Amino acid sequence: MARILALAACAGHVVQTRGLKTSSNSSILSLACAGLSLETFEDFVREYGKAYSPEEYGRRRELFESRASLIARHNCADEHPWMAQVNHMADWTEPELQVLRGYRRAASPSSAGSAPLANLRATEGVELPETVSYGHLESIKRSRDQGQCGSCWAFAATTVLDAHAELNNRSHQFSVAQIIACTPNPNLCGGSGGCDGATAELAYEYALQAEVVGEAEFPSLPGGAQARCPEDKKPWGELARTGVATAAVHMQDGTEKHLIQWSSEGQRMGGGRTGLLGWSRFPENKEMQLVQGLVNYGPVAVAVAAGSDWSWYSHGVLTPAGCDKRNIISHAVVLYGYGRTTSVKVGEVRYWQIKNSWGRNWGEDGSMRLQRVGDEEERCGWDSSPEMGSGCKGGPKQVWVCGSCGILYDTVMPLFRL
């Protein structure tokens with residue numbers, strides 16, 4: 001999960017950028033083309049409160065100038081329906097940015113996490129609205145910033161929990177810090193847990209069994225640092241041992257029977273006190289079921305193959321060219337709507353509306369519009385490193401992922417009682 005911004009006044013777009021200093025005539029020309037104000041690196045340092053050692057200063061400045069030039073070149077091109085902008089991550093190294101996108105070097109192969117309990121099929125002949133957005137919800141408007149912690153999975157899961165609680169007239173705001181600190185991950189699904197990665201499914205299993213308190217009772221630490229899990233918040237029983245509650249998971253035989261996943265124990269578990277009954281994982285790589293679930297129930301936690309262009313996104317509709325070309329599912333975000341717009345560069349464009357966890361300065365007030373292509377189920381590829389994303393220890397060495405940035409592959413939402 002990553003980001004970096006830059007707005008430009010080329011090709012008729014008004015652009016605003018902060019803290020730029022160039023070290024060559026070619027850089028100056030590229031920035032002038034983009035309409036970027038040529039401020040100094042020192043201005044950037046002051047604006048974002050940066051502090052470096054003497055040895056680090058030159059390296060960070062070099063990174064900043066390289067990113068500013070790249071962003072300017074993008075904004076001066078004619079074929080892009082989205083713009084970039086310099087932000088507080090413009091001096092981050094590539095490994096630091098990759099941590100935000102959930103990147104990790106795991107040794108073990110993996111599989112997708114939990115399996116469905118019941119069928120969830122697309123309803124034929126049902127007319128869906130042309131546009132849908134849950135952007136009016138306070139839970140979606142709220143700024144989310146994971147800092148330098150690889151906890152996008154927890155932020156995506158928590159934002160969706162808050163949204164569904166709000167839709168069901170419950171005021172509970174789930175503590176993301178508790179989910180990061182206490183969610184067990186013995187099978188290394190999506191990482192080794194906490195700031196080193198996990199999955200939304202595991203977050204929902206934890207929230208189902210162990211009551212997740214509010215943000216005020218278990219607040220986040222500065223910079224997204226991982227807190228210690230208190231003894232009274234630790235999971236118990238099967239969840240602590242396997243990361244999955246027996247009552248909530250029944251593996252299927254490989255047939256395409258994907259779920260609405262309910263826990264028969266839901267109301268007797270801790271989650272029942274917050275109204276949480278279970279969670280639903282949609283069929284892999286199926287667009288219509290995902291859309292119907294979004295329309296009928298609310299926002300969905302989705303895993304995506306985020307490319308480096310996600311770091312620079314500012315506004316507009318990001319095209320699939322900005323996805324990870326290796327199709328590696330590595331980042332978790334919230335799908336909260338879809339719609340269409342008209343771009344002066346490419347005409348009418350459909351998009352998915354996504355909430356990220358990189359703070360309000362990233363993207364469109366913390367959100368992104370990602371192009372929804374004509375046939376999402378046909379835009380597919382092999383993710384040959386599932387252990388870097390949502391996979392678990394002992395699973396397949398590659399998985400088939402579909403949709404723009406693989407958005408159809410791993411999609412899950414909680415279920416609340418009314």
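Ligands, DNA and RNA are left out, and with a 1.4 angstrom probe the accessible area of the range 343-406 is 41 Å² per residue. Here the contact order of the range 345-418, divided by its residue count and restricted to Cα pairs under 8 Å and six or more residues apart, works out to 24 percent. Once both labels are positioned 7 Å from their Cα atoms along Cα-to-Cβ, the gap between R273 and E42 label points is 5.6 nm. In this view, the solvent-accessible surface of K141, computed with a 1.4 Å probe and all protein chains in place, comes to about 100 Å². Summarising the label geometry, the points placed 7 Å from Cα in the beta-carbon direction at A51 and R73 lie 3.5 nm from one another. Highest-first packing order for the peptide set 306-313, 273-280 is 306-313, 273-280, based on the mean count of other beta carbon atoms within 10 Å. For the range 130-209, carbon and sulfur atoms together expose 42% of the accessible surface, with a 1.4 angstrom probe and every protein chain in place. For the pair the range 197-230 and the range 271-339, the centres of their Cα atoms are 20 angstrom apart. The slack in the chain from N296 to H136, taken as 0.36 nm per residue of separation less the alpha-carbon distance, amounts to 56.0 nm.
Rounded to the nearest 0.05, the FRET efficiency derived from the C-beta distance between C380 and R59 at R0 = 51 Å is 0.85. Surface composition of the range 284-399: carbon and sulfur make up 43 percent of the accessible area, probe 1.4 Å. With 0.36 nm allotted per residue and the present C-alpha distance subtracted, the L167-E348 stretch has 62.0 nm of extension available. Of the residues Y351, Y409, ranked by 1.4 Å probe accessible area with the largest first, the sequence reads Y351, Y409.
Residues whose amide H comes within less than 5 Å of that of H331, counting only those at least five positions distant or on another chain, are V304, A306 (H built at 1.01 Å from N in the peptide plane).
The values are calculated or read from the model by the stated rules, or taken from the named source; none is laboratory data. Keep in mind that what you see is a predicted model, and the values were worked out from it rather than measured. Cβ coordinates were reconstructed from backbone atoms using ideal geometry, including for glycine residues, and neighbour counts include every protein chain displayed. Quick note on the areas: whole protein, heavy atoms, side chains included, nothing else; ligands and nucleic acids left out. Shrake-Rupley method; radii C 1.70, N 1.55, O 1.52, S 1.80 Å.
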